[in-house]
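Engineer: Structure provided below as structure tokens; questions to follow.
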Amino acid sequence: MSKTASLAVGRGAAAPFVALVVGALAMAISPVFVRWADVGPFTSAFWRVTLALPALYVWMRIAERGTSNQRRFTLPVVLAGLAFAGDLLFWHSSILHTNVANATFFATTAPIWVVVFGWIFFRARVGRETLIGLALCLAGGAGLLAQSLRFRPEGAIGDAFGVVTGIFFGLYFLAVQAARRDAGAARVTFESSVITAAVLFVAAMTERHLLPSSLFGLGALLVISWLSHVGGQGLLAVALGRLPATFSSLVIFLEAVAAALFAFLLLGEPISLVQGMGGLLIMAGIYVARPRRV
């Protein structure tokens, strides 16, 4: 695979791109169910990953049927698990200390860190189209949140947590892409989730209740686990086996677009002209930064 961030791909890129988009949409719905879970933020993050492990294990066994000598818990896989644990811990902390709009905006800076760390660790060059696409997506993300994005001194610590969230998510993209060079998507997702669950268990033990107090809360945890983690993170790992991490990280901006559409369709919340333009800028940015075929 080329070190150029705008790396060209073959004709088989359509399926990984579809997986990436569907994965982003699956992850976009998770904040709704986090709000409905009857547990604290760290505990919901722990159950999100832990409840997914049986399904991910079955996927791995099916995917590797007939193969042998699979490398287990390679360094990139371990780093991916640690990075995702950091992402979830700081994401939930950000939501607790600032408004959701600010937390979301700063978390979407992940593509910046993919570019920065990709160059530092892998000397990956970034094409002009990728940089233009990144700028368009960042502008579009700010536009989508323009009505509620506010910078307040009392929320500074939460905003800082949001920035750290973006850093960890950027590292996660790079680690998963590196892990996919030696292992399939199923093994990478399962083994990295084992690492993540172990870290999140320690964090969850600092909260008062480890179990939900209602069946509704349990249902919310199951949905976020099987839909957002098994579906979202699993499809992301599939896509990162074929698509550049920089481009893939830009697609997370679709989560913000999907959230606005869900609010419009399900909650009747209007979409302003500025928000509409923000969504179009994100779509344009993803199109501009798309991988070119050889």
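Engineer: Determine whether region 265-272 contains at least one residue that is part of a helix (DSSP H, G or I) and either in contact (Cβ under 8 Å) with a residue 24 or more places away in the chain or in contact with a helix residue (DSSP H, G or I) (Cβ under 8 Å, 6 or more places away or on another chain) (or both).
Structural biologist: No, there is no match, as no residue in region 265-272 is part of a helix (DSSP H, G or I) and either in contact (Cβ under 8 Å) with a residue 24 or more places away in the chain or in contact with a helix residue (DSSP H, G or I) (Cβ under 8 Å, 6 or more places away or on another chain) (or both).
Engineer: Regarding Leu221, is this residue among the hydrophobic types (A, V, I, L, M, F, W, C), assigned to a helix (DSSP H, G or I), more than 30 Å from Thr130 (Cβ to Cβ) and at pLDDT below 90? Talk me through it step by step, then tell me what you get.
Structural biologist: Numbers: among the hydrophobic types (A, V, I, L, M, F, W, C): yes; assigned to a helix (DSSP H, G or I): yes; more than 30 Å from Thr130 (Cβ to Cβ): yes; at pLDDT below 90: no.
Spelling it out, it is not the case that Leu221 is among the hydrophobic types (A, V, I, L, M, F, W, C), assigned to a helix (DSSP H, G or I), more than 30 Å from Thr130 (Cβ to Cβ) and at pLDDT below 90.
Engineer: I'd like to verify a number: residues in region 241-258 that are under 30 Å from Ala183 (Cα atoms), outside any loop (DSSP other than H, G, I, E, B) and not charged (D, E, K, R), how many?
Structural biologist: 8
Engineer: Which one of Thr246, Thr196 is crowded, with 18+ Cβ neighbours inside 10 Å, under 15 Å from the mean Cα position of the chain (by Cα) and under 30 Å from Ser272 (Cα atoms)?
Structural biologist: Thr246
Engineer: Out of the residues in region 272-294 meeting the condition of being modelled with pLDDT under 75 and either within 20 Å of Ala103 (Cα to Cα) or loosely packed, with under 14 Cβ neighbours inside 10 Å (or both), tell me which one is nearest to the chain's Cα centre (by Cα).
Structural biologist: Once the filter is applied, the top-ranked residue is Arg292.
Engineer: Considering region 164-219 alone, what residues qualify as being aliphatic (A, V, I, L, M) and under 20 Å from Met60 (Cα atoms)?
Structural biologist: Residues of region 164-219 aliphatic (A, V, I, L, M): 164, 167, 171, 174-176, 178-179, 183, 185-186, 188, 194-195, 197-200, 202-205, 210-211, 215, 218.
If the condition is that a residue be aliphatic (A, V, I, L, M) and under 20 Å from Met60 (Cα atoms), then Ala175, Val176, Ala178, Ala179, Ala183, Ala185, Ala186, Val188, Val194, Ile195, Ala197, Ala198 are the ones that fit.
Engineer: Inside region 46-72, can you point out the residues that are out of contact with any Gly (no Cβ under 9 Å at 6 or more places or on another chain) and among the aromatic types (Phe, Trp, Tyr)?
Structural biologist: Phe46, Trp47, Tyr57, listed by residue number.
Engineer: Would you mind stating whether Val238 is in a helix (DSSP H, G or I), of a type in the set (Val, Ile, Thr) and surrounded by fewer than 18 Cβ atoms within 10 Å (Cβ to Cβ)? Show your work before the answer.
Structural biologist: Numbers: in a helix (DSSP H, G or I): yes; of a type in the set (Val, Ile, Thr): yes; surrounded by fewer than 18 Cβ atoms within 10 Å (Cβ to Cβ): no.
So Val238 does not fit the description; no.
Listed here are the residues, each with its yes/no results for (1) modelled with pLDDT of 95 or more; (2) within 13 Å of Val49 (Cα to Cα).
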site: Val164; (1), (2): no, no
site: Phe169; (1), (2): no, no
site: Gly184; (1), (2): no, no
site: Val188; (1), (2): yes, no
site: Glu191; (1), (2): yes, yes
site: Val194; (1), (2): yes, yes
site: Ala198; (1), (2): yes, yes
site: Phe201; (1), (2): yes, yes
site: Glu207; (1), (2): no, no
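Engineer: Against the condition basic (Lys, Arg) and either touching a Gly at 6+ places or on another chain (Cβ under 6 Å) or assigned to a helix (DSSP H, G or I) (or both), how does Arg187 come out, does it pass?
Structural biologist: Against the criterion (basic (Lys, Arg) and either touching a Gly at 6+ places or on another chain (Cβ under 6 Å) or assigned to a helix (DSSP H, G or I) (or both)), Arg187 qualifies.
Engineer: Okay, next question. For region 104-150, how many residues are modelled with pLDDT under 85, more than 19 Å from Phe173 (Cβ to Cβ) and not hydroxyl-bearing (Ser, Thr, Tyr)?
Structural biologist: 9
The values are calculated or read from the model by the stated rules, or taken from the named source; none is laboratory data. None of these values were measured; they are calculated from a predicted model. Glycine gets a Cβ as well: all are built from the backbone with ideal geometry, and neighbour counts include every protein chain shown.
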